[in-house]
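What follows is calculated from the coordinates using simple rules that are stated; it is not laboratory data. If you're wondering where the values come from, they're calculated on a predicted model, not measured in any experiment. FYI the Cβ positions are ideal-geometry reconstructions off the backbone, even for glycines, and counts take in every protein chain you see.
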Amino acid sequence: MPALSQDWRQAVGPWKWAFPRDHGSHPEFRTEWWYFTGNLLSASGERFGYQLTFFRQGVAQKAGDPANPWSIRDVYLAHFTLTDVSRNKFWYAERLSRKGPGLADASEQGMDVRLLNWSAKMQGNVISLSARHQGMELALRLTARKPIVFHGDKGLSQKGPAEGQASYYFSYTDLDVRGHIKTPASDKAFDVQGTSWFDHEFGSNQLASNQVGWDWFSLHLSDGHDLMIYFMRRTDGSVEPTSSGTLVTPTGTARYLSLSDINVEVLDRWKSPKSGGEYPARWRIKVRPENIELVVSPLVAAQELVTEGSTRITYWEGAVYGAGRAAGREVTCEGYVEMTGYAGSLAGTF
């Protein structure tokens, strides 16, 4: 079992950001993830989505025998998904490994994380992603079109009222994507291009015992804005008041959104035949300061992951699209939505 969260460094107060170092691992914190999602288009017009996520979970603050490369300090986990919109198909794979020679690792000097033959590495301003598993393949190059965005208070993202119930959180919200993917339903690879979103978070004590899970939205609007929203949901059905969002302008300026700035109305639901979880499946999103109103829907209904072989969390993470108005003009949007706690509570974890 991991050490108690209070034994790890807490996300409290300002963080002195330094890059490329902070693209790397922060082992003094218990939990960390590097999160990539994207909406892709092939040369022939087929639409795809992808997710590639790496997690580092601290098991002990110090390895029992630091000189022994097999002595466990951290466990690494990863999830890889592909969505094929035209075929209404979704595939996912998961991995779990201890740190060890040739198995898994994350550099502390910059972004260089791998789990077996899945990897994310940043050189200069280009991030290279690679993953392959049973007919699923991904090889992408991501280049930032906007600067790093810090969420919350200069990167300190509060998830609840208690001190330390937070994470340090930043993103590249607009990444140009080029490369290729292959799905189990195709006998050839597709050359693709599109837009990706990258999240990096690290902390030690995010979810309280009265928080069941979260809803997270990352959306690219056709007018050049990017929108992130997260809601921490309580066991009594209410939303944690510290839930918030970030609106990024076409030039890359970030604006903090408080809970009172945002309204999300669930318009439809989908029940999973695998887990029995019932998830929101269509939303009306309003952002008051910028007069944004969008109706957003999944591109494929069944984009649920049942990860008994890694994080042991069942959640919905999928490609979405939408349309509406922003500042009085018609816009479309695309992006990703993640929903946890609908097929079993996450209370007290992470």
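Here the contact order of the chain, divided by its residue count and restricted to Cα pairs under 8 Å and six or more residues apart, works out to 15 percent. The Cα-based radius of gyration of the range 59-170, divided by its Kirkwood radius, gives an Rg/Rh of 1.03. Label-to-label distance for Trp17 and Ser260 is 2.6 nm, based on points extended 7 Å past Cα in the beta-carbon direction.
Explain nothing, just the number: relative contact order of the range 83-226, from Cα pairs under 8 Å at least 6 residues apart, as a whole percent.
Contact order relative to length: 15 percent.
Once the C-beta distance of Ser238 and Arg73 is scaled by a Förster radius of 22 Å, the resulting FRET efficiency is 0.05 to the nearest 0.05.
Here the extension length gained between Arg9 and Ser222 equals 72.7 nm, from 0.36 nm per residue of separation less the Cα-Cα distance. Just so you know, the averaged projected area of the alpha carbon convex hull for the range 231-280 sits at 5.3 nm². Among Trp270, Trp197, Trp33, the largest mean-square fluctuation in a Gaussian network model of the chain (Cα springs under 10 Å) belongs to Trp270. The H on the amide N of Lys146, modeled in the peptide plane, is under 5 Å from the matching H of Asp174, each at least 5 residues off or on a different chain. Shown is the FRET efficiency for Ala302 and Thr251, computed with R0 = 45 Å from the Cβ-Cβ distance and rounded to the nearest 0.05: 0.75.
From the largest down, the chain spans 60, 50, 42 angstrom on the principal axes of its Cα atoms.
Want the number for Gln123 to Asn210: 0.36 nm per residue separation, take away the alpha-carbon distance, what's left?
27.2 nm
Seen from all directions on average, the range 232-350 presents a Cα convex hull projection of 8.5 nm².
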